[in-house]
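Reading through the structure tokens given below for one structure.
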Amino acid sequence: MNVVESARAFSDALEDARRTGGCIGFVPTMGALHGGHRSLIERAVRECDLAAVSIFVNPLQFDRADDLERYPRQLATDLELCADLGVDVVFAPEVSELYPDWPQPPVTRVTVGPEAAAWEGAERPGHFEGVTTVVAKLFALVGRCRAYFGEKDFQQLVVIRRMVRDLGFPVELVACPTVREPSGLALSSRNGRLDAGQRAAARVLSRALATGARMINEGQRDPAKVSDAVGKVVASEPSALLRYAAVVDAETLSVPELLGTRPVRILVAAEVGGVHLIDNCDPSVFAHEFAAEEPACNVA
Ligand code: PAF
């Protein structure tokens, strides 16, 4: 496995595959790799001629300095996992490699569309601009590729899809299902910051989604009624502080007048033990209530 730190070396490492028309599978990450990343990397390795992973904790997408500082970093373990999974190239740059003037942010940034305004965009000002800017830089280095993103960060996926369309990157986005613990908790690098009690409390997010999905599947057409119910389930957990619960159009992320005409997604976010957690589901495949002893259920 080739591990590179410079942008030039990363781009050069993919040159042969590019020249010979080989399919490049690219998985951008911020490291602290878990089972969710593993599923993306396995697919990239399986489906492409060359698999490349980037590991970069992007300071531009953090709105809080303490959040950036506490973000887990475990490069050695991440590299071992990538090697085990058959990754060909890992790009693990220093901050100065991608942002030479840091702590001055780059002046040229990618402006995000209306999909980024609400939900996580409202919770974390500047977050999506930071995401699109770094992903655009990475896409520019990789060139034509299939890029694998998890549906766990559903709004991010929608925002990046819009960027790819608007800016014409030669990138095919591959959306991969959220990977969950048997309890229903969606895998996330942030889960590592939860103690056992907080981890148990965090399961309320998937339970809340299951409640919303059931209501929609049983014919509820008022999105406000569903989001209220989802919020109430979260609020029933004393250690969880609800940030938002919403039923949104799966493409625009705006709240529809009535459910039942277009595909929707249920979004939920809460703070547990001071850690910001998000989850979402497609209600048409998530009418399943999680209990501790039930098997893992991936949103397909
Ligand atoms: O989803 C993430 O890990 C990050 O937002 C990404 C896409 C790697 C950009 O920093």
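Do you know which residues across segment 139-154 are assigned to a helix (DSSP H, G or I), of a type outside the set (Val, Ile, Thr) and open to solvent by less than 10 Å² (accessible area, probe 1.4 Å)?
Restricting attention to segment 139-154, the residues satisfying the condition of being assigned to a helix (DSSP H, G or I) are 139-142, 151-154.
Narrowing the set further to residues that are of a type outside the set (Val, Ile, Thr) leaves 139-141, 151-154.
Scanning segment 139-154 gives a single hit, PHE139.
So which of LEU242, LEU185, LEU194 ends up being surrounded by 15 or more Cβ atoms within 10 Å (Cβ to Cβ) and under 16 Å from CYS281 (Cα atoms)? Step through it out loud before you land on a result.
On the way: LEU242 fails: under 16 Å from CYS281 (Cα atoms); LEU194 fails: under 16 Å from CYS281 (Cα atoms).
Criteria check complete, one pass: LEU185.
Within the set of pairs 6 or more residues apart or between chains, which connect a residue that is β-branched (Val, Ile, Thr) inside segment 68-88 to a residue that is part of a helix (DSSP H, G or I) with Cβ atoms less than 7 Å apart?
From segment 68-88, the pairs are VAL87/ILE41; VAL87/VAL45.
So which of GLU115, GLU129 ends up being more than 30 Å from ASP16 (Cα to Cα), within 13 Å of the ligand (Cβ to nearest atom), touching a residue at least 60 places away in the same chain (Cβ under 8 Å) and in a helix (DSSP H, G or I)? I'd like the intermediate steps shown before the answer.
Numbers: GLU115 fails: within 13 Å of the ligand (Cβ to nearest atom).
The match here is GLU129.
Which fully enclosed helices (runs of 4 or more DSSP H) of segment 160-235 have 1 or more residues being without any contact (Cβ under 8 Å) to a residue 12 or more places away in the chain and farther than 30 Å from ARG109 by Cα?
Details: elements: 196-202, 204-217, 223-235.
Qualifying helices (runs of 4 or more DSSP H): 196-202, 223-235.
Of the residues VAL95, VAL87, VAL134, VAL107, only one is more than 26 Å from ARG180 (Cβ to Cβ), open to solvent by less than 30 Å² (accessible area, probe 1.4 Å) and modelled with pLDDT of 95 or more; which? Working first, answer last.
Working: VAL95 fails: open to solvent by less than 30 Å² (accessible area, probe 1.4 Å); VAL87 fails: more than 26 Å from ARG180 (Cβ to Cβ); VAL107 fails: open to solvent by less than 30 Å² (accessible area, probe 1.4 Å).
VAL134 is the lone residue from the list that is more than 26 Å from ARG180 (Cβ to Cβ), open to solvent by less than 30 Å² (accessible area, probe 1.4 Å) and modelled with pLDDT of 95 or more.
Quick one: what pairs do we get from segment 24-35, first residue more than 9 Å from the ligand (Cβ to nearest atom), second among the β-branched types (Val, Ile, Thr) and part of a loop (DSSP other than H, G, I, E, B), C-beta under 6 Å, 6+ apart or different chains?
Sorted first by the residue in segment 24-35, then by its partner, the pairs are GLY35/VAL179.
What is the one condition in (1) crowded, with 16+ Cβ neighbours inside 10 Å; (2) outside any helix (DSSP H, G or I) that ARG73 does not satisfy?
(1)
The values are calculated or read from the model by the stated rules, or taken from the named source; none is laboratory data. Remember, predicted model here, so these are calculated numbers, not experimental data. Cβ sites come from the backbone with ideal geometry, for glycine too, and all protein chains shown count toward neighbours. Please note that ligands, DNA and RNA were not included when accessible areas were found on the heavy atoms of the full protein model with its side chains. Shrake-Rupley method; radii C 1.70, N 1.55, O 1.52, S 1.80 Å.
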